[in-house]
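Colleague: Mind having a look at this structure? Questions to follow.
The values are calculated or read from the model by the stated rules, or taken from the named source; none is laboratory data. Values in this document were obtained by computation on a predicted structure and should not be read as measured data. FYI the Cβ positions are ideal-geometry reconstructions off the backbone, even for glycines, and counts take in every protein chain you see. Note: areas computed on protein heavy atoms with side chains; ligands, DNA, RNA excluded. Shrake-Rupley method; radii C 1.70, N 1.55, O 1.52, S 1.80 Å.
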Amino acid sequence: MGKIIRISGPVVVAEDVEDVKMYDVVKVGEMGLIGEIIKIEGNRSTIQVYEDTAGIRPDEKVENTGRPLSVELGPGILKSIYDGIQRPLDVIKNTSGDFIARGLNPPALDREKRWEFIPAVKKGDSVGPGQILGTVQETSLITHRIMVPEGISGKVTSIADGDHRVEDVIATISGNGKNYDVRMMTTWPVRKARRVQRKLPPEIPLVTGQRVIDALFPVAKGGTAAVPGPFGSGKCVSGDTPVLLVDGEKRIDEIFKEALLNPDNEVEIGNDEEIVRLKEPLHIYSMVGSDIVESVSYALYHGRSNALVTVMTEGGRRVRVTPVHRLFVRSGTAVVEKQSSDIQEGDEIACAAIHDNEDSQTVTSVMTLAFDRVKAMETVYGSFDVYDLMVPDYGYNFIGGNGLIVLHNTVIQHQLAKWSDANIVVYIGCGERGNEMTEILTTFPELKDPNTGQPLMDRTVLIANTSNMPVAAREASIYTGITIAEYYRDMGYDVALMADSTSRWAEALREISGRLEEMPGEEGYPAYLGRRVSEFYERSGRARLISPDERYGSITVIGAVSPPGGDISEPVSQNTLRVTRVFWALDAALANRRHFPSINWLNSYSLYTEDLKGWYDKNVSAEWSALRERAMEILQRESELQEVAQLVGYDAMPEKEKSILDVARIIREDFLQQSAFDEIDAYCSLKKQYLMLKAIMEIDAYQNKALDSGATMDNLASLAVREKLSRMKIVPESQVESYYEDLIEEIHKEYGNFIGEKNAEVNL
């Protein structure tokens with residue numbers, strides 16, 4: 001048994017560890033902390049520990065388990081929430097409370113739960129690796145397929161149906177002179193990719209229902225995509241915002257600075273952002289239901305924003321918030337959340353009112369929920385410090401601003417997870433802030449699968465690794481997630497894996513590398529950063545699986561990158577862009593203009609366009625590619641003409657160039673812009689996307705013909721059919737074909753009047 005000789009944060013050096021091999025899992029110290037051997041020199045082993053090493057001392061024991069870091073694979077993975085090394089967080093909460101006790105390592109799969117196993121083979125059948133022995137109905141949406149493990153083939157000598165635990169033997173296979181017991185549960189080392197028979201070209205799109213993605217920048221099933229977005233782009237308030245504390249008011253930036261200077265608090269510093277985790281809670285007020293109650297916050301956030309919205313009310317209240325910050329607005333008898341950029345004059349926002357409550361002996365103050373009407377809004381652009389309180393247990397809000405307004409704290413959306421046509425979603429929160437992961441953990445169980453109406457969690461696995469968890473576990477979480485994704489792919493499912501954010505994963509690599517005293521590469525990242533990024537993304541793909549039957553599956557990897565200040569020239573972004581084939585460039589300026597999804601059509605790209613052309617032409621329309629190319633041509637031409645318009649003025653431009661600007665505006669506002677909160681517009685089928693795009697291109701063609709006949713854009717800009725086109729996005733899928741036919745007829749009629757012929761036909 002080895003012993004510790006050196007400790008440096010999550011890196012521990014031990015000597016004389018028995019039968020040591022690279023990537024063996026070891027138990028470190030008297031508490032048995034989980035670690036992994038990452039370097040061997042002579043009799044010394046370097047270990048990265050996946051738990052907090054505080055209190056561990058030299059000469060404590062190190063015990064080798066003799067096996068690599070592995071995950072448990074079997075029924076019960078779906079609907080689970082794990083940490084970075086597949087420890088079930090719900091089990092840990094029941095065992096040790098809200099904080100993970102060190103050395104606690106419960107099994108990932110429930111050993112007592114019984115699953116109904118339905119055999120797919122019978123005694124005497126010959127089977128091989130990957131073949132399906134039987135099935136278990138894991139959730140309402142997913143049938144779990146129990147497969148013959150790799151390296152085993154032969155004849156089935158026994159097969160058991162009925163209810164079984166994951167460790168029970170459900171089949172015995174005789175082959176190569178041996179008998180192999182097969183259980184519903186297997187294990188697999190996370191750093192070893194699961195084999196496939198052959199990888200297939202990316203010829204089928206992952207349909208997301210988001211027009212800007214499906215039509216302009218599609219990703220293939222089995223493909224890779226990068227989504228860069230800067231740190232600190234959350235929904236925050238300006239530094240001069242007062243916060244109502246239990247013992248009085250104080251500016252939020254002053255609260256943050258005081259917390260930053262307190263040595264008892266834990267400080268996390270990212271790129272352009274800081275988080276302070278408070279040892280002692282901040283006592284504040286929040287809105288819960290229709291009441292104002294005392295609440296607490298255990299964390300403060302500081303970041304940057306390039307725009308602020310000032311909201312002013314008739315009652316003299318005032319607050320400055322980021323454009324995507326949500327306020328609470330009265331809607332009839334209900335209170336709804338509304339982004340500040342969508343707030344309008346006349347809206348009534350929630351706030352707190354203080355009244356005197358008199359009894360026979362004393363006079364006390366009582367705080368109640370009230371509403372105040374918005375009288376003015378103002379947006380300013382620049383570079384601003386913004387702050388936030390994290391209040392997950394009290395309605396995600398706090399009372400602040402000049403006049404005690406109810407202010408929301410950070411929330412995020414997950415459109416791809418909800419709407420993409422993947423069978424399984426694996427979401428890895430890799431080093432995300434605690435309040436963001438809390439939002440995911442509370443939001444996902446409530447989301448409904450749009451196709452079945454069942455809970456989205458029935459086809460989802462969450463890997464929750466927050467920024468205050470040990471940094472080494474952040475590095476492992478990526479491999480845990482991709483191994484689970486490979487397991488479900490091998491069953492024949494299409495899996496979408498979302499890693500948010502790989503920048504924080506890379507930061508973990510940088511910290512571990514620094515503690516190992518390795519030669520640093522660019523910006524302090526390890527020299528092997530590019531190789532590690534490539535190894536992760538290459539585990540994606542659509543494949544013909546190892547199985548006697550013809551079975552196919554895919555893993556689509558979508559990695560969020562968080563470059564400091566949105567600068568994608570930094571190493572993590574550049575190494576990601578080298579290996580991913582889709583780049584969705586999130587644009588803060590678009591978000592500030594309330595254009596969502598905020599994907600910049602000039603900076604984004606997809607290298608799958610040609611690969612997917614045949615599928616779109618066959619399954620949607622032979623015109624699809626031509627329509628897409630024309631739309632992109634118009635948007636790119638608009639970018640060039642905007643500079644001209646700024647120099648000479650719009651009125652001085654030729655009519656044909658005015659037409660290009662006009663059609664580009666229609667594409668941007670009526671096609672690319674999409675509301676995630678609208679029941680109809682949140683998801684758009686490929687058929688509807690095609691008809692919308694075709695209608696826009698019909699207007700483009702007829703408009704040019706009308707201009708050739710002497711019409712002007714002043715004549716054409718007021719045609720009624722254009723308003724009808726803008727309403728097409730909110731037409732239900734069942735009515736879209738008839739709506740399109742009527743729309744085309746009106747285009748022909750109204751533009752035909754300018755061309756000089758009724759129902760004129762124009763070649764597109």
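Colleague: So which residues in region 72-106 are more than 18 Å from VAL425 (Cα to Cα), open to solvent by less than 30 Å² (accessible area, probe 1.4 Å) and not in a loop (DSSP other than H, G, I, E, B)?
Modeller: Listed by number, the list holds a single entry, ILE92.
Colleague: Now for a separate question. State all residues of region 618-659 that are open to solvent by 40 Å² or more (accessible area, probe 1.4 Å), charged (D, E, K, R) and under 38 Å from the mean Cα position of the chain (by Cα); if no residue qualifies, say none.
Modeller: LYS618, GLU623, GLU629, ARG630, GLU633, ARG637, GLU640, GLU643
Colleague: Now for a separate question. When residues of region 311-331 are filtered for being at pLDDT 85 or above and either of a type in the set (Phe, Trp, Tyr) or within 30 Å of LEU261 (Cα to Cα) (or both), how many remain?
Modeller: The qualifying residues number 4.
Colleague: Just a yes or no: is a residue in region 371-387 open to solvent by 10 Å² or more (accessible area, probe 1.4 Å), out of contact with any Ser or Thr (no Cβ under 9 Å at 6 or more places or on another chain) and at pLDDT 85 or above?
Modeller: yes
Colleague: While we're on this one: Output the number of residues of region 175-233 satisfying the condition of being part of a loop (DSSP other than H, G, I, E, B), in contact with a strand residue (DSSP E or B) (Cβ under 6 Å, 6 or more places away or on another chain) and within 30 Å of LEU389 (Cβ to Cβ).
Modeller: Final tally of qualifying residues: 2.
Residues are listed down the side, and each one gets a yes or a no for (1) closer than 26 Å to ILE142 by Cβ; (2) touching a strand residue (DSSP E or B) at 6+ places or on another chain (Cβ under 6 Å); (3) modelled with pLDDT of 90 or more:
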site	(1), (2), (3)
VAL13	no, yes, yes
ASP24	no, yes, yes
VAL28	no, yes, yes
GLY35	no, yes, yes
ASN43	no, yes, yes
GLN48	no, yes, yes
GLU51	no, yes, no
GLY55	no, no, no
ILE81	yes, yes, no
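Colleague: If you go through region 488-511 one residue at a time, how many are open to solvent by 10 Å² or more (accessible area, probe 1.4 Å) and either under 30 Å from SER547 (Cα atoms) or aliphatic (A, V, I, L, M) (or both)?
Modeller: So the count comes out to 5.
Colleague: Further question: Could you say whether any residue in region 34-56 is part of a strand (DSSP E or B) and under 23 Å from TYR487 (Cβ atoms)?
Modeller: yes
Colleague: Tally the residues that are in contact with a helix residue (DSSP H, G or I) (Cβ under 7 Å, 6 or more places away or on another chain) and of a type in the set (Ser, Thr, Tyr), restricting the search to region 704-752.
Modeller: 6
Colleague: How about region 155-165: which of its residues are surrounded by 16 or more Cβ atoms within 10 Å (Cβ to Cβ), in contact with a strand residue (DSSP E or B) (Cβ under 7 Å, 6 or more places away or on another chain) and in a loop (DSSP other than H, G, I, E, B)?
Modeller: Across region 155-165, there are no qualifying residues.
Colleague: Could we say that VAL136 is open to solvent by less than 10 Å² (accessible area, probe 1.4 Å), outside any loop (DSSP other than H, G, I, E, B) and either at pLDDT below 95 or under 30 Å from ASN575 (Cβ atoms) (or both) here?
Modeller: no
Colleague: Can you tell me which residue within region 472-492, out of those that are of a type in the set (Asp, Glu) and under 26 Å from VAL148 (Cα atoms), is nearest to the chain's Cα centre (by Cα)?
Modeller: The residue in question is GLU486.
Colleague: Which of the residues belonging to region 490-517 are closer than 25 Å to LEU577 by Cα and part of a loop (DSSP other than H, G, I, E, B)?
Modeller: The one that is closer than 25 Å to LEU577 by Cα and part of a loop (DSSP other than H, G, I, E, B): SER501.
Colleague: Can you name every residue in region 157-176 that is over 10 Å from GLY128 (Cα atoms) and either in contact (Cβ under 8 Å) with a residue 40 or more places away in the chain or of a type in the set (A, V, I, L, M, F, W, C) (or both)?
Modeller: ILE159, ALA160, ASP161, GLY162, ASP163, HIS164, ARG165, VAL166, GLU167, VAL169, ILE170, ALA171
Colleague: Quick one: SER297 ticks every box in (1) buried (at least 23 other Cβ atoms within 10 Å of the Cβ); (2) out of contact with any Pro (no Cβ under 9 Å at 6 or more places or on another chain); (3) within 30 Å of VAL267 (Cβ to Cβ) bar one, so which box is it?
Modeller: (2)
Colleague: Considering only region 739-747, I want to know if a residue exists there that is modelled with pLDDT under 90, among the hydrophobic types (A, V, I, L, M, F, W, C) and buried (at least 19 other Cβ atoms within 10 Å of the Cβ).
Modeller: Initially, region 739-747 is screened for residues modelled with pLDDT under 90, giving none.
There is no residue in region 739-747 that is modelled with pLDDT under 90, among the hydrophobic types (A, V, I, L, M, F, W, C) and buried (at least 19 other Cβ atoms within 10 Å of the Cβ).
Colleague: Only one of these is touching a residue at least 12 places away in the same chain (Cβ under 8 Å), surrounded by fewer than 14 Cβ atoms within 10 Å (Cβ to Cβ) and in a loop (DSSP other than H, G, I, E, B): GLY124, GLY130. Name it.
Modeller: GLY124
Colleague: Another question, then. Could you grab me the full set of residues in region 139-154 that are modelled with pLDDT of 95 or more, in contact with an Asp or Glu (Cβ under 7 Å, 6 or more places away or on another chain) and either open to solvent by 20 Å² or more (accessible area, probe 1.4 Å) or among the hydroxyl-bearing types (Ser, Thr, Tyr) (or both)?
Modeller: If the condition is that a residue be modelled with pLDDT of 95 or more, in contact with an Asp or Glu (Cβ under 7 Å, 6 or more places away or on another chain) and either open to solvent by 20 Å² or more (accessible area, probe 1.4 Å) or among the hydroxyl-bearing types (Ser, Thr, Tyr) (or both), then MET147 is the only one that fits.
Colleague: How about region 250-291: which of its residues are at pLDDT 85 or above and under 14 Å from GLY400 (Cα atoms)?
Modeller: Selection gives LYS250, ARG251, ILE252, ASP253, GLU254, ILE255, LEU282, HIS283, ILE284, TYR285.
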